[in-house]
Amino acid sequence: KSKQNGRGQYSFFSSEMNERINARRRLAEDMRHSLAAGDFIVEYQPRFDTRARKIRSVEALVRWEHPERGRISPADFIPLAEQCGIITPLGEWVLRTACATAVNWEGVGVSVNVSPVQFHDPQFVEKVAACLQETGLPPHLLELEITEGVLLDDAARATETLEALKKLGLRLAMDDFGTGYSSLSYLRNFPFDVIKIDRSFVSDIATNQGARHIVQAILGLGRALGLSVTAEGVETNEQLTLLTADHCDEVQGFLLARPLRSSKIDELIVELSSQQSKRHAT
Ligand code: C2E
Ligand code: MG
Ligand code: MG
Ligand code: MG
């Protein structure tokens, strides 16, 4: 009897596992379909220059408008897209869309997140070069956001790729800085232009001395190494005040602007530049 129970249990778990595997397979299928059908969209979140008080660039963030389930967050589908390999065509589509859109924002740059899987595609550099050429975006207006994960397994090859990307004339940002392991040596050994301080530090600076000190140390590090520093996830006026007082170069967060459709960015750029010229005129 107990054996039967055991077997029953075994098959219960195994069918649950099967169900989960099937659900993931369906979702991966849906992703392929959605990529072809145009159910992915790109939103853009402004990054503000604290000194010039204007939009220096925007970050491209992909969204999935699932035909039945509605909007699915990138945190929920990027890992699966990485496992099933769709991240490479999806990431290329985001890159192309972002570059083609940013061409119209005279002087405002765009940053694009690159998954480690996409980064390790042997043709990645060529594809980026082709994208710049075909869209006509000046290379200095493109920034690629890379996380430490990219540098973990094969540092020599990663260096080669990063150097080749730099030769195209674009900028490189280390995203989510402070959440990984050996960020410091990475900053010294790889050709980054920008450090993006992870939201987890920024969200605590007004309430926790330790978090503020870490942010100040990162800002000092950026200055010493000649890197620009962006703070992610700025949600309150206090955070903004502290970051400005500490000379953080750029700030990004819901306080200033949420990720927006490209048409909204068009409007925002026009609005801000007319405000700026009014200010200069008085
Ligand atoms: P990330 O690159 O660190 O992007 C910043 C995330 O923080 C975005 O979440 C953004 O909406 C969110 N955020 C910005 N300001 C605030 C704030 O003030 N408060 C809070 N709570 N959140 C804020 P999102 O769009 O959900 O993206 C999550 C992650 O998914 C991104 O983190 C990035 O790692 C990944 N991702 C998004 N788009 C792409 C893409 O096109 N390709 C790849 N490979 N990854 C992407
Ligand atoms: Mg990012
Ligand atoms: Mg980040
Ligand atoms: Mg992230």
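The values are calculated or read from the model by the stated rules, or taken from the named source; none is laboratory data. Every value quoted in this text rests on a predicted model; they were computed, and no experiment measured them. Neighbour counts are summed over all protein chains in view; Cβ atoms, including those assigned to glycine, are modelled from backbone coordinates with ideal geometry.
Within segment 187-205, count every residue that is over 20 Å from Leu142 (Cα atoms) and crowded, with 17+ Cβ neighbours inside 10 Å.
Qualifying residue count for the region: 6.
Taking Glu145, is it of a type outside the set (Ser, Thr, Tyr), in contact (Cβ under 8 Å) with a residue 12 or more places away in the chain, within 28 Å of Ala100 (Cβ to Cβ) and touching an Asp or Glu at 6+ places or on another chain (Cβ under 6 Å)? Yes; evaluated as a whole, the condition is true for this residue. Pairs are defined by a Cβ separation below 9 Å, a sequence spacing of at least 6 or placement on different chains, a first member in segment 90-111 that is free of Cβ contacts under 8 Å to residues at least 40 places away in the same chain, and a second member that is among the basic types (Lys, Arg) and in a helix (DSSP H, G or I); the pairs so defined are Glu92/Lys127; Leu95/Lys127.
Given the structure, is Leu144 within 16 Å of ligand 2 (Cβ to nearest atom) and either among the aliphatic types (A, V, I, L, M) or part of a loop (DSSP other than H, G, I, E, B) (or both)? Step through it out loud before you land on a result.
Numbers: within 16 Å of ligand 2 (Cβ to nearest atom): yes; either among the aliphatic types (A, V, I, L, M) or part of a loop (DSSP other than H, G, I, E, B) (or both): yes.
Here the answer is yes, as Leu144 does meet what is asked.
Note on segment 46-125: enclosed strands (runs of 3 or more DSSP E) holding 1 or more residues that are away from ligand 4 (no atom under 15 Å from the Cβ) and over 20 Å from Asp176 (Cβ atoms) are 54-66, 70-72. Among the residues of this structure, Val108 does not count as one that is buried (at least 20 other Cβ atoms within 10 Å of the Cβ), of a type in the set (Val, Ile, Thr) and within 16 Å of ligand 3 (Cβ to nearest atom). Summed over segment 226-241, the residues that are farther than 12 Å from Ser203 by Cβ and within 16 Å of ligand 4 (Cβ to nearest atom) give a count of 1.
Select from segment 1-44 the residues that are exposed (fewer than 15 other Cβ atoms within 10 Å of the Cβ) and aromatic (Phe, Trp, Tyr) and write down the one among them that is modelled with the lowest pLDDT. That would be Tyr10.
The set of residues in segment 248-267 that are over 18 Å from the mean Cα position of the chain (by Cα) and more than 29 Å from Arg223 (Cβ to Cβ) comprises Ser263, Lys264, Asp266, Glu267. Across segment 206-249, the number of residues qualifying as more than 22 Å from Lys166 (Cβ to Cβ), among the small types (Gly, Ala, Ser) and either surrounded by 21 or more Cβ atoms within 10 Å (Cβ to Cβ) or away from ligand 3 (no atom under 12 Å from the Cβ) (or both) comes to 7.
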